[in-house]
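*Asks:* My structure is below; once you've seen it, I'll send some questions.
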Amino acid sequence: MGKHKKQGKKKKTCQVDTQEENYKSAPHSFVFHRGHVGKNVKHLVSDTKSVMEPFTAKNLQVRKKNVLKDYVSVAGLLHVSHFIIYTKTDLGVYMRLCRLPRGPTLTFKVHDYCLSSDVVSSLKKPNLEQMQYNHHPLLVMNNFTSKENHIKLMSSMFQNMFPSINVHKVKLNDVKRCVLVNYDTESNLIDFRHYNIKVVPVGMSRGVKKIVQAKVPNLGKYNDISEYMNRAGYSSESEVELDGPANEVILPQQMKARGSIKSAKSAVRLTELGPRLKLELIRIEEGICDGQVMYHGFISKSEEEIQALKKMREKKKKLKESRRQQQEANLKKKEEVKQLHKEKSLEGIRRKLAEDNGVEDPGAEEPEIEEDDDVKFYKDEVGKLPDADTFIPGVKKRKLDSKPAAQSGNKKMKIDSSDRKKQSKSVVKRKQDSNSKDYKENKDKKSKRENMTPLQKFMERKKKKKKQKERKKAKRLVKGKGKKKQ
């Protein structure tokens, strides 16, 4: 009987797949600024990124060359659904919320803002735990009950920026932060806050609470531990003010915090993390920062004005499209002209190479042969017939050479009398130079160089290069001084 092979355990891929699907389905965001905004607004951008973690690009780099289209083109690959864009003008700071890929875009004016560093510095016991940013915050919206369209759209925009929570499946240990968005109906302002959530056991004395939280108390003052446990005082004044029926709950799950047991009463406490924002909705427009204005907080227009603006926008779009088509046609035309020019130049190069190599063009005509009567010419000039041996009748002249006299190697160049004089002068100068001191010195240098070793030659070359560099440097300095004077 053969041995049965042990079957390996199947990998649990189902859980990984569900996690990936949940990650992709969750709304992701890009937080960045456009234009010159200043130091404080840049800090506000980084604080907003920490609010939107973990579903945001924390290390997103923004450059001056980047256009909004660059971010839109990358957003689809990274499953980004929202843009939060900060801008600054002379009137103030503005925040834009964009829904991808087709809008709408909500523009808010930031009336007041406070950075996270300022909020944390004002607290006595700030919670700066980094693990709390591993899970998305819980969104709490207040007073968005109006039936107006722009408020409905605004509330849905805020809701879709954060992942939805299933109440039956959520783990309370994962809920570490919350974002509060409050709408004031009288002033039409929105308050944005960011808090840390902490659960503390209720109904324990301070001594018991310390022992539960694994803090070793100082028992030097007491004779027995019972004195420490039964002493008066349940909590500090600050804790008494915080705890009450408004924030006391019965936990449905076991939590990691010490003393927070399932089905026991605990108090929920909030610690502010920052930033703080006071926003006002200015306008809502279609598309991503470029479209028809659906709502404006200050300007109201009639139907006729809206239709006129719509027609103007359509006209601009058509003009843009026609210009684009014209540009494409011009580019095609240029490419065709370039190709023709290239073919012509290549043809000319081939022809020139053929002529240089002595290959005759089959289509070219042959040069004519001169057939002058030399005997008749001699008789007309001299007055008598030539001797029998002078001209041989019936012999034709050879063909004319197509190449000029300068190119043909057999024919000698004729030299004029002026050229001869120049040549003679140059020879005399050479003789005079040969007798001069410079000529003798150069001759001595050459002889020395021939007797030098390779190392000595190398060193001499190095010195020469150094001198040349110094001369060039001096020339540059002289030129620079001349320019300054001008």
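Just so it is clear, none of the values below were taken in a lab; they were calculated from the coordinates. Just so it is clear, the model here is predicted, and its values are computed rather than measured. All Cβ positions, even for glycine, are placed from backbone atoms using ideal geometry, and neighbour counts span all protein chains on display.
*Asks:* From the backbone phi of region 35-51, what are the Karplus-calculated ³J(HN,Hα) couplings (6.51 cos²θ - 1.76 cosθ + 1.60, θ = phi - 60°) in whole Hz, Gly and Pro given as x?
*Replies:* x, 7, 10, x, 5, 5, 5, 5, 5, 5, 4, 5, 5, 5, 4, 5, 5
*Asks:* For K221, K265, K109, which order do you get if you count the other beta carbons within 10 Å of each Cβ and list the fewest first?
*Replies:* Going from sparsest to densest Cβ surroundings: K221, K265, K109.
*Asks:* Less than 19 Å from a label point 7 Å out along the Cα-to-Cβ axis of L68: which backbone N atoms in region 156-186 qualify, by residue?
*Replies:* So the set is 157-158.
*Asks:* Please give the length that would be gained between D374 and I250 if that part of the chain were fully extended, namely 0.36 nm times their separation in residues minus their C-alpha to C-alpha distance (nm, one decimal).
*Replies:* 31.0 nm
*Asks:* Using the Karplus curve 6.51 cos²θ - 1.76 cosθ + 1.60 with θ = phi - 60°, work out ³J(HN,Hα) for each residue of region 123-136 in order, rounded to whole Hz, and write x for Gly and Pro.
*Replies:* Result, ordered by residue: 8, 7, 10, x, 9, 10, 5, 7, 5, 5, 7, 6, 10, 5 Hz.
*Asks:* Once R0 is set to 41 Å, what does the formula 1/(1 + (r/R0)^6) return for the Cβ-Cβ distance between E286 and M131, expressed as a FRET efficiency to the nearest 0.05?
*Replies:* 0.50
*Asks:* Return the distance in nm (one decimal) between the two label points of a simple spin-label model at H296 and K221, each offset 7 Å from Cα along Cα→Cβ.
*Replies:* 6.9 nm
*Asks:* Between I349 and K446, what's the calculated FRET efficiency when r is the beta-carbon distance and R0 is 41 Å? Round to 0.05.
*Replies:* 0.40
*Asks:* If each residue's Cβ is checked for other Cβ atoms within 10 Å, how do F377, F162 rank with the fewest at the top?
*Replies:* F377, F162
*Asks:* When the Karplus curve 6.51 cos²θ - 1.76 cosθ + 1.60 is applied with θ = phi - 60°, which whole-Hz ³J(HN,Hα) does each residue of region 265-271 get, with x for Gly and Pro?
*Replies:* 7, 9, 9, 9, 10, 10, 10
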